[in-house]
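**Q** Take this structure first; my questions come after.
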Amino acid sequence: MAASATLHCLTGCAIGEVLGMVIATALGWHDVPSILLAVALAFVFGYALTMRGLIRARVTWRSALRLALAADTLSILIMEIVDNGIMLMVPGAMDAGLAALLFWGSLAFSLLVAFLVTTPINKWIIGRGKGHAVIHSYHRQPAPPGSPDRRPA
């Protein structure tokens, strides 16, 4: 379950991170604004993916947002710290153009390391009945017809 939760988190982070880095690199932005945009988009896409599943389970938008914030914030934060830290440590990675193997290789490597670091943290969170353990309880229950909001049993 921890690997699945981390992969889910990684997907949202990767979409936001790649989109942010591509936009910032194409615009010729320096490191700090590039990272700020990538991190902001990683959080937006990470939360959005979690909320999508909750909305499908007929959880209200407000409840879905609260659950996504509670379930994903620590995971996304750690993933972003690791990911961007590695991008900054690889010489030239942040300045490489979009056509450069250095850019894409460094980004892929940083996301892999972020996944490996975040998985045991998610395992610990799930083991305490928090994070994606709560989210998964919503996915397993069938939604009663016409139910605007649900709570896990």
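**Q** Determine the gain in length on full extension of the stretch V44-W104; use 0.36 nm per residue of separation and subtract their C-alpha separation, reporting nm with one decimal.
**A** In short, 19.4 nm is gained.
**Q** Could you go through the range 66-77 in sequence order and give the Karplus-derived ³J(HN,Hα) for each residue, using 6.51 cos²θ - 1.76 cosθ + 1.60 with θ = phi - 60°, rounded to whole Hz, and x for Gly and Pro?
**A** With coefficients 6.51, -1.76 and 1.60, one gets 4, 5, 5, 4, 5, 7, 10, 4, 5, 4, 5, 4 Hz.
**Q** What does the range 2-140 give for Rg and for Dmax, in Å, if only its C-alpha atoms count?
**A** For the range 2-140, the Cα radius of gyration and maximum Cα-Cα distance read 15.5, 47 Å.
**Q** Give the average over all directions of the projected area of the C-alpha convex hull of the range 1-79, one decimal, in nm².
**A** Its average projected convex-hull area is 5.4 nm².
Values in this text are rule-based calculations from the coordinates and carry no lab data. Note that the coordinates shown come from a computational prediction; the quantities given were computed from them, not determined experimentally.
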